[in-house]
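Written out below as C-alpha cells is the structure these notes cover.
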Amino acid sequence: MTIRVGLIGAGNIGTSHARDLELRVAGSEISVIYDFDEVRAAELASELEARAVPSYQEVIDADDVDAVLIASPDHFHAEQALACLAAGKPTLCEKPLAPTEDDAHAVLDAEVALGKQLIMMGFMRRFDPGYVELKGQLGVEGIGDPLIIRNSHRNEIAPYGLDSELSITNAAIHEIDINRWLTDDEYAWVEVITGRNGPLTPQGQHDPLFLLLKTRAGTIVDVEMYVQAQLGYEVTCAVTGGTGVAEMADGSYVTTARALHRGHRLPKQWLGRFQDAYRLQLQGWITHLETGSSIPGASAWDGFVDAVVATRAVESLRSGERVPVVLPEKPALYV
Ligand SMILES: NC(=O)c1ccc[n+]([C@@H]2O[C@H](COP(=O)([O-])OP(=O)(O)OC[C@H]3O[C@@H](n4cnc5c(N)ncnc54)[C@H](O)[C@@H]3O)[C@@H](O)[C@H]2O)c1
C-alpha cells in the first residue's frame, strides 16, 4: 500500500519532506503539489513525478491524495488545516498550529467537533534520537524527576527575518513543546526576559531572549533563544534530575583534535541537525496511516497548548511581566 501525499508549500522544509517521502520513507509518494510560487511547485513536481495544481484546495480535494502535508508559512497553517479537516483528510501540519491562540483554538474545536484525530503536528524533536534518549534517562530507573531543564536554541542568522515575537511563536515553540513532552507536564507560568542585544540585532528588536517557565509539578525550564548567534545552528538540552544529570549531545558529529583545536563542525541550519528526526517523524506518520495505529507524534491538542504558551510568552515579552498559563480541560478525544 502506498500513501499518496499532497504537499502544500514547497519551500525549504516542504521540499526536504517531499524528497524524504519519495526516497527515504517506506510506503509513501508525493502525488500533488501546491505552492504560492508556481515555478517552485512545477520544478519540484517535475523532479518527483508529481503534478502541480493552482490552489491548496485542489491538493486537498484531489482523488489521488490520501493525506496532506502542510509546509506553508506559519500564518496559513490554521486556514489550511481547517480545510483538511472539512475534507476529512489526515494531515501532517508543520509547526506552529497557528501563531496565535485564537487561530489554534479554531482548529482544535473543528477536530473535536469531527470526533476524530486527523492532525499530527510537525514537532519532530519528539522523534530525534537525542531527545528520545534524554527522556529515557528520566524517572526512577534513571536520574529521577526533572528538577531543572536548561535549553539553548541558536541560529546562524534569523531564518525568517528578525522579529522578537517570531522568535517565540516560530522558534522557541520547539522548546515549549519538547519540554512538555520531556516532563509529561504543563506549564504554570512563563516569563520572557530581555537584556543586552547581540551585534546584529536591529533597533526595536530583542535578541537573545531568555524564557523562564515553571511546570505545574515545579520543574524549572529555561530557554536561551538567540536567532542571530552567527556561530551556526545549535540546540542543547540539559536536565538536572533528583539523582543525576543528563545532557543531550549536540547531534552525532565527530569530534576532531587538530592544529591546537578540539571540536566539531556545526551545521548551518536545522536540516543538518534534525535530518534523522524529520525522516523518523515522516515514517511514523506514514506507518500510522497504513496501520490505523494512534498518532505517533504531537496532536492538535499539543499544537493548541504550545500556541497558548507562545501567546502568553509574547504577552510577557510586551509587558515585562510573568504571565500565568491557564488551559481549558483536555477534550476526551486526546485523553
Ligand atoms: N519542524 C521544523 O523544524 C521546521 C523547520 C523549518 C520550517 N518549519 C515550518 O515549515 C513552514 C515552512 O517553512 P520553510 O522554512 O520551508 O519556509 P520557506 O519560506 O522556505 O517556504 C515556504 C513556502 O510556502 C510558499 N507559500 C507562501 N504562501 C503560501 C500559501 N498560502 N500556501 C502554500 N504555500 C505558500 C512559499 O512560496 C514558499 O515556497 C513554516 O511554518 C515553518 O515554521 C518547520
Check your understanding: Which ones in the range 5-19 are surrounded by fewer than 18 Cβ atoms within 10 Å (Cβ to Cβ) and either in contact with a Lys or Arg (Cβ under 9 Å, 6 or more places away or on another chain) or not assigned by TED's automatic domain parsing to the domain that holds Ala81 (or both)?
Key -> Gly11
Review point. Which residues, taken from the range 1-29, are under 24 Å from Tyr160 (Cβ atoms), out of contact with any Ser or Thr (no Cβ under 7 Å at 6 or more places or on another chain) and not basic (Lys, Arg)?
Key: Leu7, Ala10, Gly11, Asn12, Ile13, Gly14, Thr15, Ser16, His17, Ala18, Asp20
Exercise for review: Return yes or no: is Gln275 within 16 Å of the ligand (Cβ to nearest atom), surrounded by fewer than 20 Cβ atoms within 10 Å (Cβ to Cβ), within 22 Å of Glu22 (Cα to Cα) and without any contact (Cβ under 8 Å) to a residue 24 or more places away in the chain?
Suggested key: yes
Point to revise | Checking His206 against (1) part of a loop (DSSP other than H, G, I, E, B); (2) closer than 16 Å to Met124 by Cα; (3) away from the ligand (no atom under 16 Å from the Cβ); (4) of a type outside the set (Gly, Ala, Ser), the condition it does not meet | key: (2)
Exercise for review: Please find, within the range 278-297, the residue that is farthest from the chain's Cα centre (by Cα) out of those that are more than 12 Å from the ligand (Cβ to nearest atom), assigned to a helix (DSSP H, G or I) and of a type outside the set (S, T, N, Q).
Suggested key: Glu290
Review point. Counting only residues that are outside any loop (DSSP other than H, G, I, E, B) and within 15 Å of the ligand (Cβ to nearest atom), how many does the range 249-272 have?
Key: 3
Check your understanding: Would a scan of the range 128-148 turn up a residue that is more than 13 Å from the chain's Cα centre (by Cα), within 16 Å of the ligand (Cβ to nearest atom) and assigned to a loop (DSSP other than H, G, I, E, B)?
Key -> no
Exercise for review: Could you list, in sequence order, all residues of the range 62-77 that are within 11 Å of the ligand (Cβ to nearest atom) and over 18 Å from His17 (Cβ atoms)?
Suggested key: His75
Exercise for review: Answer yes if at least one residue in the range 213-235 is in contact with a His (Cβ under 6 Å, 6 or more places away or on another chain) and assigned by TED's automatic domain parsing to the domain that holds Tyr160, and no otherwise.
Suggested key: yes
Exercise for review: Would you tally the residues in the range 94-111 being in a loop (DSSP other than H, G, I, E, B) and without any contact (Cβ under 8 Å) to a residue 60 or more places away in the chain?
Suggested key: 0
**Study point:** Hey, Ala313 within 18 Å of the chain's Cα centre (by Cα) and among the aliphatic types (A, V, I, L, M) or not
**Key:** yes
Check your understanding: Got at least one residue in the range 84-93 being at pLDDT 95 or above, assigned to a strand (DSSP E or B) and of a type in the set (A, V, I, L, M)?
Key -> yes
Practice item. State which residue is surrounded by the most Cβ atoms within 10 Å (Cβ to Cβ) when the search covers only the range 213-246 and only residues that are without any contact (Cβ under 8 Å) to a residue 60 or more places away in the chain and part of a strand (DSSP E or B). Key: Thr215
Exercise for review: Could you tell me whether the range 52-67 includes any residue that is in a strand (DSSP E or B), in the same structural domain as Ile295 (by TED's automatic domain parsing) and more than 23 Å from the chain's Cα centre (by Cα)?
Suggested key: yes
Exercise for review: Starting from residues that are of a type in the set (Val, Ile, Thr) and within 13 Å of the ligand (Cβ to nearest atom), keep the ones in the range 23-61 and report whichever is nearest to Gly9 (Cα to Cα).
Suggested key: Ile33
Practice item. Would you be able to tell me the number of residues in the range 6-15 that are part of a helix (DSSP H, G or I) and either within 18 Å of Gln57 (Cα to Cα) or more than 8 Å from the ligand (Cβ to nearest atom) (or both)? Key: 1
Practice item. Scan the range 174-184 and give yes if some residue there is farther than 19 Å from Glu321 by Cα and touching a Ser or Thr at 6+ places or on another chain (Cβ under 7 Å), otherwise no. Key: yes
Study note, to complete from the structure: Within the range 78-100, residues being surrounded by fewer than 24 Cβ atoms within 10 Å (Cβ to Cβ), within 22 Å of the chain's Cα centre (by Cα), more than 10 Å from the ligand (Cβ to nearest atom) and over 16 Å from Ile173 (Cβ atoms) number 5
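The values are calculated or read from the model by the stated rules, or taken from the named source; none is laboratory data. Keep in mind it's a predicted model, so treat the numbers as computed, not measured. Because the Cβ atoms are built from the backbone with ideal geometry, glycine has one as well, and the counts that use them run over all protein chains shown.
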